[in-house]
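I have placed the structure first, in the form of structure tokens, so that the comments after it can refer back to it.
The values are calculated or read from the model by the stated rules, or taken from the named source; none is laboratory data. Note that the structure is a prediction, hence the values are computed from the model and not measured. Counting neighbours? That spans all protein chains shown, and the Cβs are built from the backbone with ideal geometry, glycine included.
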Amino acid sequence: MTAVLFDGKNFAYGHCGDSGIIGLTAEGRYRMITQTQKGEEFNTVVPLNFGPRHWSFGSPEEEFCSLLLMTDGLFDVAAPALLAGDEKTGGIYIRFVRQFMDASVLGITEENVAEIGKTVSGFFDEGPSESVTDDKTMVCLIRSGFLPPSGEDAYYAEPDWAALREEKYKRLYST
């Protein structure tokens, strides 16, 4: 369960479970707002009824221009285990999330917001069925009239998945 109060600049959130929030700061950097709360086994989750010691609340002081709330199926794609600990990306698959939350990439205006919504919905009708094996729900809150600055192209580059898998394999199975 994830909830957000967003005034278009600042926000407060409450979170419990395996969903998550990623934010795009006013400076154009992507930031992981919440962490998934999974159990010891891969497919278990810490449920809401485990109580307050498992709940996460916050209100970052940083200014944000958009927030992306995702259920676990999409959050697992947006914050894959292979990117965990990556300082450059903060563990976020930036190329994936950017297409949903960067107003300058979306080309979103007040006049075309409904059309953009249809385009994004079409992504889920035709898109990630092989890579997303669980819940596929997403909500994006975008600050009206604010375009974040763009970073260097390398910041948005596709990760080298083969190298990341090889590095993980070496760490797991080296003797």
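Of the residues that sit in region 1-38 and are modelled with pLDDT of 90 or more and within 16 Å of residue 72 (Cβ to Cβ), which one is surrounded by the most Cβ atoms within 10 Å (Cβ to Cβ)?
Selected residue: 22.
If residue 171 satisfies all but one of (1) touching a residue at least 24 places away in the same chain (Cβ under 8 Å); (2) farther than 30 Å from residue 107 by Cβ, what's the number of the condition it fails?
It fails just one condition, (1).
Anything in region 86-124 that is polar (S, T, N, Q) and in contact (Cβ under 8 Å) with a residue 40 or more places away in the chain? List them, or say none.
Taking region 86-124 and keeping what is polar (S, T, N, Q), we get 89, 99, 104, 109, 112, 119, 121.
Within region 86-124, 89, 104 qualify.
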